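Engineer: Take a look at the following structure, please.
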Amino acid sequence: VEVLHPQPGWVELNPDSLWTLFVSVVKEAVQEETYFGTALDRMNCSRPATTVIKCSNISFSCRNSNESDFCSWTLNTAINFHYMEQVEQAIKEDNCCFGTVDTWLLYKLTKGSVYATEYSNASSTGFFDPFKLQWSTFLSNLLSIPVSIFPPVEDTSYNFGSVDGEIFGVPIKITALVADQQAAMFGQCCFDIGDLKVTMGTGSFWDINTGSLYPLVGWKIGKEVTYLAEGNASDTGNAIKWAQSLDLFASADETSKMAHSLVNSGGVCFVPSFSGLQIPVNDPYACTSFMGITPSTTKKHLVRAMLESIAFRNKQLYDTITKDVGIPPTSIRADGGVSKNNFVMQMTSDLINKKINRPVSTDMSCLGAAFLAGLAVGFWNDREQLKKLRRTEIVFKPQKEPKEYEPAISNWIKAVQRSLSWYSQTSP
């Protein structure tokens, strides 16, 4: 899906393009499943027809408009909420709907008959009160946005209705909606307090199961509500793709070997900040940078510096989330495309001085969404069955003392400090 940047700090998606691509992907998946299912049928295997949606972006939809405008906002020490005049006018006319991307796709899949979201997506907007499990009247009053525009919130594993039969040829039950990182947590079977996972995809996301604490709703199934705490860094896999576009390497698979071929980065530091720096730095105006380059610097040094920066950010996020939450991690599990990089994984294990379990399949968000849908229709009876499905590929164990990295991480922190407040704050 093409990501649009109409001006600095703004991120948008074309909702119609998203819908078209979504439908084409599902049709392709159904076609592949048909071939696979034919073979399974010969073994008397039946599987329920379900569809799952995992996503967590914010959208506004004006019912009488030809366009739907996606807006981004942040909730830190202050609230920045930007939307187009036509949306503001639609709110005044009681003609506006608010929802995350799951709400938009659910509405389209059911041809407008179902308008809803679920707790993990609602919680991810920052506009949801996790204590009362309802949309925040405080923020509604503060921002003069009526609660009436927000969708009903249902359980994460729930029968939301069926896809209109004309879209895919047959009606298909929709039995789970779930936000991306919460889906990965469920896919990793992080069901117990202290279970921690790190997803390294476009960005890095560290999530820990906090049980009944309230930072972020993980999922709600019946009377059970599981909460998470999360820390993230926005630039991980996208930084690697950027480096590949500059021909620093041909394939991301090469990077681990390139990094391992050197003793160190030769004094080079990389600060991954295409989208600013999140916790614990919290500077949206920081810049991406290479520092410490000399005439003897090679591509390998640059690549190693980039991979080291991912591990350093992992260390920062791990330390912050475990300190703030105060819950000792009982297990650490990794997923996402960058988790396949052995150099990053081993260095992260060394820095946090903990074992990290990497599964055979690293696309845990899709699996988590499938698990939730399967539980809703009885394909699986309980979570013990799900745990048995998870397969470990490798467990990374600390091989070096964290203090051995102190000179490198000290230089990197110095580079981070010099990258802060690089861009001027401008009004959108």
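The values are calculated or read from the model by the stated rules, or taken from the named source; none is laboratory data. The structure presented is a predicted model; accordingly, all values stated were derived computationally and were not measured. Cβ coordinates were reconstructed from backbone atoms using ideal geometry, including for glycine residues, and neighbour counts include every protein chain displayed. What goes into the accessible areas is simple: the full protein's heavy atoms, side chains included, and nothing from ligands, DNA or RNA. Shrake-Rupley method; radii C 1.70, N 1.55, O 1.52, S 1.80 Å.
Engineer: Please verify whether residue 310 is on the phi < 0 side of the Ramachandran plot, buried (at least 24 other Cβ atoms within 10 Å of the Cβ) and either at pLDDT 95 or above or in a loop (DSSP other than H, G, I, E, B) (or both), treating the condition exactly as stated.
Structural biologist: yes
Engineer: Restricting to segment 1-45, count the residues that are modelled with pLDDT of 75 or more, of a type in the set (Asp, Glu) and surrounded by 13 or more Cβ atoms within 10 Å (Cβ to Cβ).
Structural biologist: Summing the residues that are modelled with pLDDT of 75 or more, of a type in the set (Asp, Glu) and surrounded by 13 or more Cβ atoms within 10 Å (Cβ to Cβ) in segment 1-45 gives 1.
Engineer: Sort out which residues of segment 236-277 are farther than 21 Å from residue 410 by Cα, part of a loop (DSSP other than H, G, I, E, B) and under 19 Å from the mean Cα position of the chain (by Cα), and write them in order of number.
Structural biologist: 275
Engineer: While we're here: Restricting to segment 207-225, and then to whatever is part of a strand (DSSP E or B) and among the polar types (S, T, N, Q), can you tell me which residue is nearest to residue 130 (Cα to Cα)?
Structural biologist: Only one residue tops the list, namely 210.
Engineer: If I go through segment 185-206 residue by residue, how many of them are closer than 16 Å to residue 233 by Cα and either assigned to a loop (DSSP other than H, G, I, E, B) or touching a Gly at 6+ places or on another chain (Cβ under 7 Å) (or both)?
Structural biologist: 6
Engineer: Among the candidates 105, 109, which residue alone is over 16 Å from residue 179 (Cα atoms), surrounded by 13 or more Cβ atoms within 10 Å (Cβ to Cβ) and either at pLDDT 50 or above or touching an Asp or Glu at 6+ places or on another chain (Cβ under 6 Å) (or both)?
Structural biologist: 109
Engineer: For segment 228-285, how many residues are of a type in the set (Phe, Trp, Tyr) and open to solvent by less than 10 Å² (accessible area, probe 1.4 Å)?
Structural biologist: Final tally of qualifying residues: 1.
Engineer: Yes or no: segment 402-424 includes at least one residue that is on the phi < 0 side of the Ramachandran plot, surrounded by 11 or more Cβ atoms within 10 Å (Cβ to Cβ) and acidic (Asp, Glu).
Structural biologist: yes
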